[in-house]
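To keep things clear, I will list the structure first and then write my remarks on it.
The values are calculated or read from the model by the stated rules, or taken from the named source; none is laboratory data. These figures come from a predicted structure and were not determined experimentally. For neighbour counting, all protein chains shown are included, and Cβ atoms are generated from backbone atoms with ideal geometry for every residue, glycine included. Note: accessible area is taken over every heavy atom of the protein model, side chains too, but ligands, DNA and RNA are not part of it. Shrake-Rupley method; radii C 1.70, N 1.55, O 1.52, S 1.80 Å.
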Amino acid sequence: MTGFAAAITGIGLVTPAGVGVPDNWERVVAGRATAAHAPELAGLPVPMACQVPGFDAARSGPRAAVQWDRYTQFAVVAAFEALAQAGFTAGEWPDSARVAVVVGSGAGGTATLEAQHAVLLAEGPGEVSPMTLPMGLLNMAAGQVAIELKANGPCLAPCSACASGASAIGMARDMLRTGAADIVVAGGAEAPVTPLYASAFARMRALSRRVDDPETASRPFDVDRDGFVLGEGAGMFVMESVEHARSRGAQPIAKVVGYGASADAHHVTSPHPEGLGARLAVRAALADAGLTGADVAYVNAHGTSTPRNDAVESAVIRDLLGAGAAVSSTKGVTGHPLGAAGAIEAAFTALTVQRGVIPPTANLTTPDPAMEVDLVYKEARHGRVEVGLSNSFGFGGQNTALLIAA
Amino acid sequence: MSSLHDSVVDVIATRFGLDRADITAEATFDDLGLDSLSQIELVTALRKRLGADIDDEEMAELSAVGEVVAALESKGLKAA
């Protein structure tokens, strides 16, 4: 391993599996699915989703409940969890200008934008809320996290659709490597369980239609998979150089040791039939880390549960890593939280590396015989994982691979 | 305090998730953390909830809760 190692010293998770790392880890290791009927989507073609349970919108204060979009609420709660674990306190930085924030999202504050567009059409322009853009913009989770943390370093919101959260973590590592920051709070946030997003994905036929049995709908790599289930949430890391962590006595949970990114340059939504871009991203991450495919013991797959993604991704994994890597998708539990997925799954990969437990793929009962990889399903697998790979592929053909090591 | 005051306090508390006890007549927008965008939102909320005839420019001239109540009273508005 020769690449730059960025230490992960704090993790925050807000997902359909729970609020906080302990609840999340318990549920993904148990492989208990979260998809259910979604009252917000009643009357739409696919009225189900994976939603964060019992999330208190006022958790970050009463103003947060009314003046932040839900995706920003998720981001801030996850950021504070990561910060506490890393042993930092908001505003008490050695040099706040050296603290960066990178929070990716695919949809930004779409719930806010959809609601205010309805106001515009029904009541006219004079009734549109002046908070529409402060709540709705795609960079506002990043902006609000910086405000709450009093972090004055670079603040960015990368968008690569469903790879956004992973892109943020890769960019954060680059910022540490180039010396642009000493500490980066990085991840992804998404709250797309809205009428427009649910309708649009349904029209693309991207969603599972198992509406009569939602709990079994997200079933990555299963022969009967028929689409993804809309999810939501946020995943956040505190990252710093290994030396920086050591100098303050912080123990890394795991390290981001490789980052690869690519474009399919093929089609806006359909993956390249041979997974060209996915291959390029995984190869670039391996080269960046100074590793070979045989070094990777576990893949937390993008594994959306769509027929096409899982077929192409498993072929890429088999070709580049061989048959030795264990593969699972935590989307069987969480559904697909779009731009937050890459960060949430990087967090699960880091926990796998730290704890030596590979979460099973929920709902995977009959592996698709075309998937010639070592799928982990039915129950968690225990054993040391030195290096894990987390894949994220976004619409636009935008691909990200992160290598995470002990 | 007038019942109009209570109505205005209710609108502010509901719209911005604030504690009613903090919304005194003397409390300024700054005290309550209500920036210029929040003041525009307050105009909309007062119009919708109380039928208040006040616009963004008039609101921008005001700085405290008591002044908002007085401005609405001068326009002949009664409590909701």
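Summary of values
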| quantity | calculated |
| --- | --- |
| Within a Gaussian network of chain A (alpha carbon springs, distance under 10 Å), most fluctuating of A:Glu190, A:Glu215, A:Glu243 | A:Glu243 |
| Cα-only Debye scattering, segment A:181-323: base-10 log of I(q)/I(0) at q = 0.08, 0.15, 0.16 Å⁻¹ | -0.31, -0.99, -1.08 |
| At 1.002 mPa s and 20 °C, Stokes diffusion of chain B via Kirkwood alpha-carbon radius, µm² per second | 176 µm²/s |
| Antiparallel DSSP beta bridges within segment A:258-405, as percent of all bridges there, nearest 5 | 65 percent |
| Relative contact order [Cα under 8 Å, 6+ residues apart], segment A:88-166, whole percent | 51 percent |
| Convex hull volume per residue for segment A:228-309, taking Cα atoms only, in Å³ | 147 Å³ |
| R0 of 60 Å, Cβ-Cβ distance B:Asp35-A:Asp319: FRET efficiency to nearest 0.05 | 0.65 |
| Per-residue HN-Hα couplings for segment A:190-204 [Karplus 6.51, -1.76, 1.60; θ = phi - 60°; Hz; x = Gly/Pro] | 7, 9, x, 7, 10, x, 5, 5, 5, 5, 5, 5, 5, 5, 7 |
| Rounded FRET efficiency, nearest 0.05, which uses the C-beta distance separating A:Thr269 from A:Arg355 and R0 of 30 Å | 0.25 |
| Segments A:337-344, A:261-268, B:17-24 sorted - mean Cβ within 10 Å per residue, highest first | A:337-344, A:261-268, B:17-24 |
| Antiparallel DSSP beta bridges within the protein assembly as shown, as percent of all bridges there, nearest 5 | 70 percent |
| Mean shadow area of chain A, taken as a quarter of the surface of its Cα convex hull (nm²) | 18.0 nm² |
| Computed magnitude of the charge dipole of chain B (debye, nearest 20; Cβ of K, R +1, Cβ of D, E -1) | 480 debye |
| Residues along segment A:62-89 losing 50 Å² or more of accessible surface when the other protein chains are present rather than the chain by itself (probe 1.4 Å) | A:Arg63, A:Val66 |
| Summed side-chain charge close to A:Val119 - residues other than A:Val119 whose Cβ falls under 14 Å, Lys, Arg +1, Asp, Glu -1 | -2 |
| Net charge contributed by nearby residues that have their C-beta within less than 12 Å of A:Gly10 (K/R +1, D/E -1) | -2 |
| Share of carbon and sulfur in the accessible heavy-atom surface of the protein assembly as shown [1.4 Å probe, %] | 53 percent |
| Chain A: calculated mean residue ellipticity at 222 nm from DSSP helix runs of at least 4, using -39500 (n - 2.57) | -10500 deg cm²/dmol |
| Chain A: most fluctuating residue of A:Val21, A:Val66, A:Val193 per GNM, C-alpha cutoff 10 Å | A:Val66 |
| Rh by Kirkwood over Cα pairs, then Stokes-Einstein D for segment A:6-247 at 0.890 mPa s and 25 °C, µm²/s | 132 µm²/s |
| For chain B, built as a Gaussian network whose Cα springs stay under 10 Å, the top-fluctuating residue of B:Ala52, B:Ala60, B:Ala25 | B:Ala60 |
| Shape of segment A:258-405, Cα gyration tensor, a/c cut at 1.5 | rounded |
| Integer Hz, Karplus 6.51/-1.76/1.60 couplings in order for segment A:217-229, x for Gly and Pro | 6, 8, 9, x, 6, 7, 5, 9, 5, 9, x, 9, 10 |
| Lysines whose Cα lies under 28 Å from that of B:Lys78, excluding same-chain neighbours fewer than 8 positions away | B:Lys48 |
| Accessible area expressed per residue, the protein assembly as shown, with surrounding protein chains retained (probe 1.4 Å, Å²) | 37 Å² |
